[in-house]
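Q: First the structure, then my questions, so here it is.
No value in this document is a laboratory result; all are computed from the given coordinates. Just so you know, these numbers come straight off a predicted model, no measurement behind them. In this analysis, Cβ positions are derived from the backbone assuming ideal geometry, glycine residues included, and neighbour counts consider all displayed protein chains.
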Amino acid sequence: MKISNNIVEVDGIDKEILRHLMEDARKPILEIARNIGISGAAIHQRLRKLEASGLIAGSKFVVNPKVLGYTTMAFIGVYLDKAMNNPRAVKELEKIPEVLECHYTTGNWSILVKILCKDNEHLMNVLNKKIQTIEGVSRTETFISLKQQIDRQIEL
């Protein structure tokens, strides 16, 4: 691993380690070490350096929302009456559990929000009673995802 201009450059071994863990974060270190051909201690040392560099931001379990009954994914373009309302609107959006992501954007919307609901009725309720009631929201534009086609991380 090399850091230049605040950009981390990883070598081939680091990439192999990361690919294994991106595929399955619970894969045993010794299994990765056997596959790559280096010691488990070397893997641990490299992982500590990658974490310290900020390249690895953590690991997590992924919950399948469909098993919990959440089947409606939507993207909502939020129009705000004034740009100065952005921080306030984001604070209010953070309080809504269905909101998974919130992005400032260029273009027509001030904010793009990704939400997950149980069904269309739940989505309508979140829109009408939670998002559109936020002070400064002038209107919204909603796009329902029919099916996610690609879900991946950046390629190493």
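Q: Straight-line reach from Lys2: which aspartates and glutamates have Cα under 19 Å away, leaving out those fewer than 8 places along the same chain?
A: Asp11, Asp14, Glu16, Glu51, Glu155
Q: Counting pairs of alpha carbon atoms under 8 Å apart in space and at least six apart in sequence, what relative contact order in percent does the stretch 2-53 give?
A: Answer for the stretch 2-53 is 27 percent.
Q: Which trypsin sites (Lys or Arg not before Pro) from the stretch 83-156 combine a DSSP loop assignment with at most 16 other Cβ atoms within 10 Å?
A: The qualifying sites are Lys95, Lys118, Lys147, Arg152.
Q: Relative contact order for the stretch 84-156: what percent, with Cα pairs under 8 Å and sequence separation of 6 or more?
A: This gives 24 percent for the stretch 84-156.
Q: Whole-Å semi-axes of the chain's equivalent ellipsoid, largest first, each the root of 5 times a Cα gyration tensor eigenvalue?
A: Working from the Cα gyration tensor, I get semi-axes of 40, 20, 12 Å.
Q: If you put +1 on each Lys and Arg Cβ and -1 on each Asp and Glu Cβ, how big is the dipole of the chain around its Cα centre, in Debye rounded to 20?
A: I would put it at about 220 debye.
Q: Please list, by residue number, every one of the chymotrypsin sites (Phe, Trp or Tyr not before Pro) in the stretch 42-135 that is coil in DSSP and has at most 11 other beta-carbon atoms within 10 Å.
A: Phe61
Q: Which whole-angstrom value gives the distance between the alpha carbon centres of the stretch 33-79 and the stretch 112-156?
A: 23
Q: Largest first and in whole Å, give the semi-axes of the stretch 2-53's equivalent ellipsoid, each being the square root of 5 times a Cα gyration tensor eigenvalue.
A: Over the Cα atoms of the stretch 2-53, the ellipsoid semi-axes are 20, 11, 10 Å.
Q: Relative contact order (percent) for the chain, with alpha-carbon contacts under 8 angstrom and 6 or more residues of separation?
A: Relative CO of the chain lands at 23 percent.
Q: OK, next. Of Lys60/Lys118; Lys15/Lys49; Lys27/Lys147; Lys95/Lys118; Lys27/Lys114; Lys114/Lys147, which pairs sit farther than 20 Å apart, going by alpha carbon to alpha carbon?
A: Beyond 20 Å between Cα atoms: Lys60/Lys118; Lys27/Lys147; Lys27/Lys114.
Q: Between Arg48 and Ile144, take the C-beta separation as r, use R0 = 30 Å, and let me know the FRET efficiency to the nearest 0.05.
A: Once the sixth-power term is evaluated, E becomes 0.10.
Q: Under 11 Å from the Cβ of Lys130, count the other residues' Cβ atoms, weight Lys and Arg +1, Asp and Glu -1, and hand me the total.
A: Neighbour charge sum, excluding Lys130 itself: 0.
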